[in-house]
């Protein structure tokens, strides 16, 4: 599908893309570039590329696809480094969680003959770094592409085929719409999880150790996404501020109602609120986006 | 260990206890009682007892252990039905999430010669009903017992041995302390999860279907505990109000700080807050209360 793919950034997502490219034979060669020596050495040990460079300009030379998988606040600096080395006719894409920002930063110094097709695979785990990657990460997940309407149709089709070959379903969407939808499906849940785990981190040591012990009663679920990469998430909140704050306002308004129901002991209201939430999980399972097994299929008993 | 155990209520926990009793041969016979005909019929089909009764008084006659596994607001009515039928020397226990309330309700009409040892196994899944039960649910989890200091020591030792035989670790604790710890480990997380899933339930249909599609980006984690039994949770919030509201106040104070950091674009503060939460997950994994596998061990790729 491609001659040479340059992966700029090689954490969980970049590494998983590399495994997926190999699994489906989507490129003759993969060039890996990342800012830190130690990460590049790890990528080398894992065999994630055919060649490796600290300077992203070296990686993009001769590449017909350049895929940026770095925290979104790094895009401006990366673009500064690579823009004059991008090949004519190449596709420039990314996997970042905030698409308006991707358009702004990657579109700024974009050569006329390079096709910008920003993307966002809706997949991940709480683990980070090149060793966390695996080819199956994108299977049956969605990947959202947010190209400008006037971008080359062939480039968009090629990126659609690329993500399909990685196992994903593909949806085209306006960047602003993407950022609003992800604010509620992803950004607010992460903020809330970070917040509740942070609240626990502030408890006295005694209570904290009891929280750890008794975490199977609910709390541990939140610790998973609150264990996600701090820099990546800092950048999400800095670049999708408006949509996140809007969703947080809605969440807080609902929580105020729930708080009032607890305060006044309004059992009828509480039961009604708790009853309407089961259906959504059922829909997610039916949509193939969640396991139907109890407790996420966590091991129990001897398998633990 | 016991001659006859009466299980009053036969949902996820009651059914799992039944399987666990059978697995470890802890009683000569099990009597099952539950309020609804359909649930009792399901328990019968599943073979969860040796005899079955709608009237809990029938079940407790001759039982040396009576274990209540019903929503906590039902305790008063159950006690009214069974108190005069409890055997001399029997142990009365429960599995409810709010222990001060358990003491108040089960202690009220308690015959002098019955030993009250309230308990709370810190285990569960999002599924409910007798068919959701399985013997391994309590393996390597904690069970908290909150007996009064003046209760018969032999009865407390026997309940400790009982939960150990079901696979659990046992801890003795003051009822009020239990209710405060569980407010943060369990009750607040459930309230927050119900709330965020409720916020999504209020979105327009278009956005809601996108949330379902893209839920793997974080949201779906919250839908698990928000799919828990509505009546059980209504009762928890009605009976542990003070501790829940106190923890909610802490959570809201922290969220206000986080909101301010997002508003002002304070990347340093955000990164600092997001960095201190990873360690807590690590502690939970080290304590054997969570799987070390990525993504809770959810299936990926072909296993999905």
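The values are calculated or read from the model by the stated rules, or taken from the named source; none is laboratory data. Note that the structure is predicted; figures quoted are calculated from it, not measured. Cβ placement follows ideal geometry from the backbone for every residue including glycine, while neighbour counts extend to all protein chains displayed.
Remarks
- The one condition in (1) touching a strand residue (DSSP E or B) at 6+ places or on another chain (Cβ under 7 Å); (2) part of a loop (DSSP other than H, G, I, E, B); (3) within 23 Å of residue B:229 (Cβ to Cβ) that residue B:59 fails to fulfil: (2)
- Any chance residue B:132 is within 14 Å of chain A (Cβ to nearest Cβ), surrounded by fewer than 19 Cβ atoms within 10 Å (Cβ to Cβ) and modelled with pLDDT of 95 or more: yes
A quick yes/no check of all residues on (1) under 28 Å from residue B:120 (Cβ atoms); (2) at pLDDT below 95:
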{"residue": "A:165", "(1), (2)": "no, no"}
{"residue": "A:172", "(1), (2)": "no, no"}
{"residue": "A:178", "(1), (2)": "no, no"}
{"residue": "A:186", "(1), (2)": "no, no"}
{"residue": "A:190", "(1), (2)": "no, no"}
{"residue": "A:195", "(1), (2)": "yes, no"}
{"residue": "A:199", "(1), (2)": "yes, yes"}
{"residue": "A:209", "(1), (2)": "yes, yes"}
{"residue": "A:217", "(1), (2)": "yes, yes"}
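- Identity of the residue in the stretch B:174-195, touching a residue at least 40 places away in the same chain (Cβ under 8 Å) and over 16 Å from the mean Cα position of the chain (by Cα), that ends up surrounded by the fewest Cβ atoms within 10 Å (Cβ to Cβ): B:176
- Positions within the stretch A:135-144 being out of contact with any strand residue (DSSP E or B) (no Cβ under 6 Å at 6 or more places or on another chain) and at the interface with chain B (Cβ under 7 Å from one of its Cβ atoms), in sequence order: A:136, A:137, A:139, A:140, A:141
- Sole exception among (1) surrounded by fewer than 20 Cβ atoms within 10 Å (Cβ to Cβ); (2) in contact with a helix residue (DSSP H, G or I) (Cβ under 6 Å, 6 or more places away or on another chain); (3) part of a helix (DSSP H, G or I) for residue A:211, by number: (1)
- Looking at the stretch A:237-304, the helices (runs of 4 or more DSSP H) lying wholly inside it that each contain 1 or more residues that are assigned by TED's automatic domain parsing to the domain that holds residue A:216 and within 22 Å of the chain's Cα centre (by Cα) sit at A:241-263, A:278-286.
- Yes/no for residue A:205 being out of contact with any strand residue (DSSP E or B) (no Cβ under 9 Å at 6 or more places or on another chain), more than 7 Å from chain B (Cβ to nearest Cβ) and modelled with pLDDT of 95 or more: no
- Residues satisfying the stated conditions in the stretch A:259-291, i.e. more than 7 Å from every other protein chain (Cβ to nearest Cβ) and over 17 Å from residue A:141 (Cβ atoms): A:260, A:261, A:264, A:266, A:268, A:269, A:272, A:279, A:282
- Condition met for residue B:221 (surrounded by fewer than 20 Cβ atoms within 10 Å (Cβ to Cβ) and assigned to a helix (DSSP H, G or I)): no
- Residue within the stretch B:150-163 that is within 27 Å of residue A:299 (Cβ to Cβ) and either outside any helix (DSSP H, G or I) or within 12 Å of chain A (Cβ to nearest Cβ) (or both) present: no
- Taken over the stretch B:103-129, residues that are outside any strand (DSSP E or B) and either surrounded by fewer than 21 Cβ atoms within 10 Å (Cβ to Cβ) or in contact with a strand residue (DSSP E or B) (Cβ under 7 Å, 6 or more places away or on another chain) (or both) amount to 18.
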